[in-house]
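See structure below.
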Amino acid sequence: VMMAGAGPGRSLVFFPAPCGRALGTADSRASLSLAGTRLAAAGHGHTQVRHGDLYALSVGDRQADAIVMHQVLHFLSEPVLAIREAARVLEPGGRLLIVDFAPHALEFLREREAHERLGFTHEQVAGWLADAGLKLRSIDDLAPKDSNGDDKLTVTLWLAEREASHAVAAKRTTKETREGVQ
């Protein structure tokens, strides 16, 4: 599992050890240091953090079974490029989970929190995912319970998958069969 744009690692501590090896990337050395401290305190020896650029991940093609982009796209000037890069790293059958804001009008977030964008429509992200060669599997909106205030944000989850080709699936099955026989 990979978290692209992990920042200070708050979300990385939620990846349980049974998920196998986990990797978080951040472009800030200060964030990496804080993430490392958080992970050590939580006993997460299975999780690494490394310096990384969302537009050029330091992972080879088709190496990740799952990637999470949690609350990062709204900080980017070119979110579509980050999605394409995540798609490059996903193995066939791998999944990308994007968690970000639905469209909103909270302009103060641009200056106070450095948001480049004020949320994303379902169609916008679906188009980017398709452009990256990923198949959209689901979209879920998590609206605030008390939604009568204009200062409330809805969070959207987009789940996409790199489809496994028949050749790759057949190769994987043959390899698994051989390993099971040995």
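No value in this document is a laboratory result; all are computed from the given coordinates. Here the structure is a predicted model, which is why all the values come from computation and not from measurement. Neighbour counts run over all protein chains shown; Cβ positions are idealised from the backbone, glycine included.
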Query raised in the report: Using θ = phi - 60° and the Karplus form 6.51 cos²θ - 1.76 cosθ + 1.60, what ³J(HN,Hα) does each residue of the stretch 94-100 get, whole Hz, x for Gly and Pro?
Result: x, 10, 10, 10, 10, 10, 7
Report task. Between ALA130 and HIS104, take the C-beta separation as r, use R0 = 25 Å, and let me know the FRET efficiency to the nearest 0.05. Result -> 0.55
**Report entry** Restricting the stretch 96-153 to GluC sites (Glu not before Pro) in coil, as DSSP defines it, with at most 16 other Cβ within 10 Å
**Finding:** GLU107, GLU116
**Report entry** 5 angstrom amide H check on GLU116, placed H, neighbours 5+ away
**Finding:** PHE75, LEU76
Requested in this report: Mind giving me the nanometre distance, one decimal, between the label points for ALA143 and ALA42, set 7 Å out from Cα along Cα→Cβ?
Outcome: 3.0 nm
**Report entry** Debye equation applied to the C-alpha atoms of the stretch 87-137, log10 I(q)/I(0) at 0.13, 0.21, 0.25 Å⁻¹
**Finding:** -0.41, -0.81, -0.95
Query raised in the report: In nanometres, what is the gap between the two model label sites at THR121 and ASP61, each 7 Å from Cα along Cα-to-Cβ?
Result: 3.4 nm
